[in-house]
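For reference, the structure discussed in these notes is given below.
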Amino acid sequence: MWCQRLAWLLRGQRGSPGRRWPVAAAPVRCCPTAPASPRCAWQLHQDHLELRYGATLMRLDFVWLRDHCRSASCYNAKTNQRSLDTASVDLAIRPQAVRVDETTLFLTWPDGHVTRYGLEWLVRNSYEGQKQQVMHPRILWNAEIYRQAQVPSVDCRSFLETDEGLKEFLQNFLLYGIAFVENVTPTKEDTEILAERISIIRETIYGRMWYFTSDFSRGDTAYTKLALDRHTDTTYFQEPCGIQVFHCLKHEGTGGRTLLVDGFHAAEQVLRRAPEHFELLAKVPLKHEYVESVGGCHNHMIGVGPVLNVYPWNNELYLIRYNNYDRAVINTVPHDVVRRWYHAHRALTAELRRPDNELWVKLKPGKALFVDNWRVLHGREAFTGYRQLCGCYLTRDDVLNTARLLGLQA
C-alpha cells in the first residue's frame, strides 16, 4: 500500500500515469552482461545509467555514481565518511567506459579514475531499492493482537545488567512501540537509572525527571484527576519527544488505568479504507500550541507539522502528531481544503477510538512503561485519591543508536 501511495504522489507531480522522466537522447548502448549473469542488463543514456539487476530496474545518474564512489581516495572506510568534494564533480560528467560482470559495475571516468560498485550494494542503496524497503519493521496491533502476542516484560536486573535483557526490551519496543520493565524500585532516582540505560534524558520545560500528581502545578489537564483522551505528547515541539517513560510510584484510590492505542495501526486502517483521507492528513500542516502561566511557569510553544508524517520515498509512516487538546487554531488550511481535512481527521479519530484498538493497563509501583511517542497514543481514565507518577522524555536518536549497537534494525 505504501508503494501505491507513492505512485499516486508521483503522478500528481509528473503528470499523467506512466509518464517517465524525459531522456535527453536515445540510449547509446544496450548491453546484457555475460551469459553467466542473465539477471543483469544495462543501457547507457545521455545523463544516466539504466541498470536492471534481478527484479529491480535502477536509474542511476552519472553525477550520483561519481559522488558515491567508495574508492580509497573518495571514501574513508575507517571513519565511514565521504572524502570526495561533491561540489568539485562536473555536473555534466559521463563515464568513458562501462563494464558489468556477475557481481560488479565498473565505471571509468574521463580523468581515468575507476569506480566499482557491487550490484547488491546498488540495489540496497538506489532510490528504486530504497522505496521497496521498510526503514523500521513493526508489528501493528490492536488490543487482541497485543494480548495474543504475550509480549513479555523484562526484569529490571536483566535490563540493567545484561545485553540479552536490554536487547529483548528494545526488540519489543521497536516492534510494538511499547515495552515494560518489572521489579523497578518505586523511586524517581531508580527510574532515572532505568531510563539512562538506553538514552540521554531529554530536558524540557517540565524539567529532566518529573513528578506527576493532580495538584494542577502546571497549566495542563494532565495535572488533574480528570480522564485524558488518547493523544501524543509535545505536539507543540518542532520535534516532538521520541520516547516517554511512566512509572507509578503510588496510588491510594480507584481508577487511573492507562490507555494505549497503536496510532500506526489506526492510520493503516484509514489508508486501506479511504486513502484520500490518509493523503490529506499526511500533507496538510497544522499548528499545535502550549500556553501556560501558572506560578513561575510561563511558556508559549508552537510546533508545526501534519498529523501523519511519512518518508517521501516509500510513504512509510514514521510519526503521528495527534493531540486534540493542544491543536491550535486551524489557520494554515485554505477554505477549499479545510472541510475535507475535518472529514479525514474524523476518519482517523474513529479508528483511534474503536474499543478493540484500546489496550488498558493498570500501572503499579515497580512496573515502568516506555512509550514510543511518535507512534503510540496514551491516555487515562479518571481516578480518585492520591496518585503519583514519575517519568521523563528520552532522545529518540540515542534509543535507536543503542538498538543498532546490539544488532537490531532501527
Exercise. Hey, how much of the P(r) for the range 357-410 falls beyond 13 Å, as a percent of Cα pairs?
Worked result: 73 percent
Exercise. What nm value, rounded to one decimal, do you get for the distance between LEU406 and VAL291 when each label is placed 7 Å out toward the C-beta?
Worked result: 4.3 nm
For this session: Evaluate E = 1/(1 + (r/R0)^6) for TYR325 and ARG273, where r is the Cβ-Cβ distance and R0 equals 22 Å; express this FRET efficiency to the nearest 0.05.
Result: 0.25
For this session: Pick out, from ILE243, ALA41, ALA92, the residue whose Cα sits farthest towards the positive end of the charge dipole of the chain, with +1 on the Cβ of Lys and Arg and -1 on the Cβ of Asp and Glu.
Result: ALA41
For this session: Please work out the C-alpha center-to-center distance from the range 357-392 to the range 180-210 and express it in whole Å.
Result: 14 Å
Exercise. Based on the Kirkwood radius over alpha-carbon pairs, what is the Stokes-Einstein translational diffusion coefficient of the chain at 25 °C with 0.890 mPa s viscosity, in µm²/s?
Worked result: 100 µm²/s
For this session: Within the range 145-164, find all residues whose amide N lies under 14 Å from a label point positioned 7 Å from the Cα of ASN183 along Cα-to-beta-carbon.
Result: 153-162
Problem set entry | 0 to 90° range, to nearest 10: angle between helix 2-14 axis and the chain longest Cα axis | 60 degrees
Seminar exercise, completed: Once both label points are put 7 Å beyond Cα along the C-beta direction, the ASP111-ALA87 separation in nm becomes 1.6 nm
Exercise. Plugging the Kirkwood radius over Cα pairs into Stokes-Einstein for the range 221-370, at a temperature of 4 °C and a viscosity of 1.567 mPa s, what D comes out in µm²/s?
Worked result: 76 µm²/s
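If you take every residue apart from ASP85 with its C-beta less than 15 Å away from the C-beta of ASP85, what net charge results, scoring Lys and Arg +1 and Asp and Glu -1? Mind showing how you got there, number by number?
Numbers: positive: ARG66, ARG82; negative: ASP67, ASP90, ASP111.
Around ASP85, the charge tally is -1.
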Seminar exercise, completed: Of the range 52-75, those with amide N under 17 Å from the point 7 Å along the Cα→Cβ vector of GLN132 are 52-60
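Quick note: the coordinates plus some simple rules give every number you see, no bench work behind them. Small disclaimer: the values here were computed from a predicted structure and weren't measured. Cβ atoms come from the backbone with ideal geometry, glycine included; neighbour counts cover every protein chain shown.
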